[in-house]
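Structure provided below as structure tokens; questions to follow.
The values are calculated or read from the model by the stated rules, or taken from the named source; none is laboratory data. Note that the structure is a prediction, hence the values are computed from the model and not measured. Ideal geometry is used to build each Cβ from the backbone, glycine not excepted, and the neighbour counts take in all protein chains shown. When the accessible area is computed, the model is the full protein with side chains, heavy atoms only, and any ligands, DNA or RNA have been set aside. Shrake-Rupley method; radii C 1.70, N 1.55, O 1.52, S 1.80 Å.
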Amino acid sequence: MNFDLIITNGTVIDGTGRPRFRADRGIRDGRIAAIATGEHLTGGQTLDGTGLIVAPGFIDVHSHSDWILPLPDHDQVLTPLLLQGITTLVTGNCGFSPAPVTEDSMPLLDGFSEMMRERAFPYHWRSLAEFLDTLERDGLLLNAAFLVGHGTLRYAVMGERADGPTPPTPEEVDALRRLVRQSLQEGAFGLSAGLAYAPGVFAHNEELLALLRTVAEEGSIFTVHGRAYTWVSPFYTPMILGTPHNVRSTRELLALAREAHVRLQLSHLIFVGRRTWRTHRTVLRDVEQAAAGGVDVAFDAFPYTVGNSTVNVVFPDWFLDGFAEKINDPRVLRRLKREIDLLRWTLGLNFRDIILLWGRAGELAELEGLDFAAIARRLGMPEFEAYMHVARMSEGKARVGLGTYSGDGEREEPLRAALAHPLCAFMTDTILTRRGRHNPASFGTFPRVLGRYSRDLGLFPLEEAVRRMTSFPAERIGLADVGRIAEGGWADLVLFDPATVADNTTPGRPDAPPTGIRAVLISGQVVAQDGQTVGRERRGRVLRR
Ligand SMILES: [Zn+2]
């Protein structure tokens, strides 16, 4: 038998969670043609896997790189993802996808996505099918699967009214449902929503339920950035009494999924603010109870206590509705300051926990990498004013690194509880561009889970770590022929050294490359080796449902 490539020796962790085993793997036509446990394969070029683990390529189940993929030089921007072993991205998260678009919704999408993209790109497509065809024609660095974003659909159907509290008319709800169905039938794997950002923040549960029923009819998944990841938030009243808001938010989503009979993925399950941390047991227990009661639910998390977000993330919806005028109205700002002060105090979140990653306005560039306490000192103004200055100058588009995500430098019990949970898939949630400061998740997410959380801290065996990076997210999303090492499946593979695999990022060096990722293969071809990309050919595939 002849192979294009044989990976000799090496230990297979096949992605299913079963114990590792020794085998040779023969690859032909981009797929795994043979797995030989007793004998050695011959008849082809070889890649020596001695001392290494051979695993399925990692799946980043929550990516925002769909805003980079349409760029002709996206491979240069996204290389760090490949170098940490990621071979497949699930994109279109938090309510936003670059398709479908209309003539009128383009500027709205452009405005929202500015934080996530590196530069504007022409929309050579309208439907999701046309978008996927465009990417396929131009070639991809890595595989990409797409979700269709609820915010994107709202802009397409409601135009500017999407960014306001008036609900869609019954005709508009019908139009939203038709677009959901069309996009799913054209290859999207599910619907995503971002209920804390405009325009998702304005959507009522009735609207969501109507769309979720369509998603369920198509057998697809609903992934959702919830209304609240904090125990108090501007999104529920009363603000302080009663059930913690992140618990309420999770319960609402579980109830929606139960009612619509839809598969649910709770996106980036985080506990933001020191006083929110104590709610993690309740949230995890609620998820477990819902799962035991028949709701098809799981979640995802990244292994850091800082995440990227927008400067707008701390603003209530009443302020976001008419942001451009309100941010210059002193009376409004006084009310906002009172609310944000109260919020910060009740959350246990300080301005020094927030770092400016990208300021958008040229004059803010020198502040990038600083936290907002330092920015306030630099600007000679109080912290709140400094924060509003950045929000105003960036027109609400600045990218920030928000800390106290399920832990901080001292404690991270909620983070470990989430990561250790069998229903947790791993992901980056990163916004990777060449502008501003980096999020360490772009460089070290998967090596960090394998090295720090599996090997060093022993939260779970390596087989389980690999399962939740590969077959588990593939099954959740519905990706066929990826996520496990099996004959006939795509030869998307990672060879890593279990003794040395590690994330090397630090707050001062958030872009340090990882250790121990020795080779990455996509469609049977080595695309990265020992920290360098190999060749210029794009091997990534557009995945369609
Ligand atoms: Zn999100």
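HN-Hα J couplings of region 52-63 from phi, Karplus 6.51/-1.76/1.60, θ = phi - 60°, integer Hz, Gly and Pro as x?
Using θ = phi - 60°, the values come out as 10, 8, 10, 10, x, x, 6, 10, 8, 6, 9, 10 Hz.
At 1.4 Å probe size, with the rest of the protein present, what percent of the exposed accessible area of region 1-99 is carbon and sulfur atoms?
Whole-percent figure for carbon plus sulfur exposure: 47.
Oh, and also: One-quarter of the Cα convex hull surface for region 5-62, in nm²?
Mean projected area of the Cα convex hull: 4.7 nm².
Right, here's the next one. Compute the relative contact order of region 182-306 as a whole-number percentage, counting only Cα pairs closer than 8 Å that sit 6 or more residues apart in sequence.
Once divided by the residue count of region 182-306, the mean separation gives 24 percent.
To check my understanding: the extent here is largest minus smallest coordinate of the Cα atoms along each principal axis. What are those three numbers for region 395-545, in Å, largest first?
Largest first, region 395-545 extends 46, 36, 34 Å along its Cα principal axes.
So what's the Cα pair-distance distribution over region 30-136, bin width 5 Å, in %?
It works out to 2, 9, 17, 19, 14, 10, 8, 7, 7, 4, 2, 1, 0, in whole percents.
Okay, next question. Roll a 1.4 Å probe over the protein heavy atoms and report the accessible area of residue 302 in Å², nearest 10.
Rounded to the nearest 10, the figure is 10 Å².
Positive end of the charge dipole of the chain (Lys, Arg +1 and Asp, Glu -1 on Cβ, about the Cα centre): tell me which of 470, 401, 534 has its Cα farthest that way.
Result: 401.
What three numbers, in Å, describe the spread of the alpha carbons of region 276-331 along their principal axes, ordered from the longest?
Principal axes ranked by extent give 50, 26, 20 Å for the Cα atoms.
Another question, if that's okay. State the percentage of accessible surface on region 453-545 attributable to carbon and sulfur atoms; use a 1.4 Å probe and exclude ligands, DNA and RNA.
Whole-percent figure for carbon plus sulfur exposure: 47.
Expressed as a rounded percentage, what relative contact order does region 429-516 have, with Cα pairs under 8 Å and six or more residues apart?
Computed value for region 429-516: 35 percent relative contact order.
Suppose every K and R has +1 on its Cβ and every D and E has -1 on its Cβ; what is the size of the dipole of the chain about the Cα centre, in Debye to the nearest 20?
Roughly 1120 debye for the chain.
In the calculated pair distance distribution of region 292-433, what percentage of Cα-Cα distances lie above 20 Å?
53
Solvent-accessible area per residue for the chain at a 1.4 Å probe radius, Å²?
36
If you don't mind, there's one more thing I want to ask. Report the antiparallel proportion of the DSSP beta bridges in the chain as a percent, rounded to a multiple of 5.
Taking every DSSP beta bridge with both residues in the chain, the antiparallel ones total about 55 percent.
Treating only the Cβ of Lys, Arg, Asp and Glu as charged (+1, +1, -1, -1), what charge dipole size does region 359-443 show about its Cα centre? Round to the nearest 20 debye.
That gives region 359-443 a dipole magnitude of about 320 debye.
I would also like to ask the following. Count the net charge of all other residues whose Cβ sits under 12 Å from the Cβ of residue 269, scoring Lys and Arg as +1 and Asp and Glu as -1.
-3
What's the local net charge at residue 366, with K and R +1, D and E -1, over the other residues with C-beta under 15 Å away?
Here the count lands on +2.
For the chain, what does the helix formula give at 222 nm: sum of -39500 (n - 2.57) over DSSP H segments with n ≥ 4, over the residue count, nearest 500 deg cm²/dmol?
-9000 deg cm²/dmol
Another question, then. What are the ³J(HN,Hα) couplings of region 523-528, residue after residue, when phi is run through the Karplus curve with 6.51, -1.76, 1.60 and θ = phi - 60°? Round to Hz, x for glycine and proline.
6, x, 10, 5, 10, 8
Got a sec to turn the phi values of region 311-318 into Karplus ³J(HN,Hα) couplings, 6.51 cos²θ - 1.76 cosθ + 1.60 with θ = phi - 60°, whole Hz, x for Gly and Pro?
4, 6, 4, 8, 8, x, 5, 5
Classify region 331-398: rounded, prolate or oblate, from the alpha-carbon gyration tensor (a ≥ b ≥ c, eigenvalue square roots; a/c under 1.5 rounded; otherwise prolate if a/b is larger than b/c)?
prolate
Evaluate the distance, in nm, between pseudo-label points positioned 7 Å from the Cα of residue 137 and of residue 76 along their respective Cα→Cβ axes.
For the pair residue 137/residue 76, the computed spacing is 2.3 nm.
In the chain, with Lys and Arg counted as +1 and Asp and Glu as -1 at Cβ, which of these residues, 212, 387, 521, has the Cα nearest the positive end of the dipole, that is, farthest along it?
Comparing the listed Cα positions along the dipole, 387 ranks first.
Jot down the radius of gyration and Dmax of the chain, Cα atoms only, both in angstrom.
Final numbers for Rg and Dmax: 22.6, 77 Å.
With point charges of +1 on the Cβ of Lys and Arg and -1 on the Cβ of Asp and Glu, referenced to the Cα centre of the chain, which listed residue (461, 67, 299) lies farthest in the positive direction of the dipole?
461
Within 9 Å, Cβ to Cβ, of residue 408, how many net charges do the neighbouring residues add up to if Lys/Arg are +1 and Asp/Glu are -1?
-1
Can you list residues from other chains, or at least 5 along the same chain, whose modelled amide H is less than 5 Å from the amide H of residue 263?
Under 5 Å from the amide H of residue 263 lie the amide H atoms of 222, each far enough along the sequence or on another chain.
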